[in-house]
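See below for the structure under consideration.
The values are calculated or read from the model by the stated rules, or taken from the named source; none is laboratory data. As the structure is a prediction and not an experimental result, all values here were calculated from the model. Don't worry about glycine lacking a Cβ; one is built from the backbone with ideal geometry, like all the others, and counts go over all protein chains shown. Note: accessible area is taken over every heavy atom of the protein model, side chains too, but ligands, DNA and RNA are not part of it. Shrake-Rupley method; radii C 1.70, N 1.55, O 1.52, S 1.80 Å.
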Amino acid sequence: MDRASCEFRFYGELNDFLDSAYRKRSFVHAFDGSPSVKDRIESCGVPHTEVDLILVDGEPSTFDRRLRGGERVAVYPAFQSIDLGDIPPLRPPLRNPRFVLDVHLGRLARYLRLLGFDSVYSDDRTDDELLAISGAENRVLLTRDIGLLERAALVHGGFLHETDSRLQLREVLDRYGLQDRIAPLTRCARCNGLIGPATPALARGRVPAGVLREQRRFSRCHDCGQVYWLGGHLARLRARLAEVGVWF
Ligand SMILES: [Zn+2]
């Protein structure tokens, strides 16, 4: 059977997944049979979870459209700033994204929780467990594992381009438009439980004596009992995140 080919062009940060020879330009891509556009996108190294819009010969396409040869395929990453209007989304949109993080992202999980974002994490979950949680609870699976993002069962996934946890936090806030939804110290960094006000009496024995003398405002996790004090924790968090351009 003769090989067919089409022309691909990837945009924005999707180029990071491509071999360097194919970045930021159109290239010819050969294939056998009539594969789905999703199959061919992933064969170029780009996980389907990172793609928000596909144009085939200028028309919006679904993932399962079959390629026959001769098409021009343009592939775009997630947009925050562009209104796609009537174009049907490739996956159901998430209005208030919640997250599940892979086992390597403990520091990012702490930051997300400290800013109030619901983030499931523990350091001993298998890939199958992560996929199951993402599917059952409609959570975005955050990872740097491309193979995990290419699993067909996964609907909502997010690749982290950065390796530093604070830069990863900024990446997540940008991609999902969360900057205005930051609610610091409303969720427990240790267990993801919700935290609420606590009296100094409740905090006694759970925080150092000096802190108890100097601080008046305490919070406590409803689930695990961890005590937080606004002065110290919030000031340190603000200072650390301001260094990477996250202000709140
Ligand atoms: Zn807790």
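Counting only strands (runs of 3 or more DSSP E) wholly contained in segment 1-95, the ones carrying 1 or more residues that are closer than 30 Å to ASP118 by Cα occupy 51-56, 72-77.
If only residues of segment 34-90 that are among the basic types (Lys, Arg) and in contact with a helix residue (DSSP H, G or I) (Cβ under 7 Å, 6 or more places away or on another chain) are counted, the one that is most open to solvent (accessible area, probe 1.4 Å) is ARG65. If you check HIS161, HIS104 for being within 28 Å of TYR228 (Cβ to Cβ) and either part of a loop (DSSP other than H, G, I, E, B) or modelled with pLDDT of 95 or more (or both), only one passes: HIS104. The residues of segment 107-132 that are open to solvent by 30 Å² or more (accessible area, probe 1.4 Å) and assigned to a helix (DSSP H, G or I), listed by number, are ARG107, ARG110, ASP127, ASP128, GLU129, ALA132. Taken together, the residues in segment 108-138 that are under 17 Å from LEU194 (Cβ atoms) and among the charged types (D, E, K, R) amount to 4.
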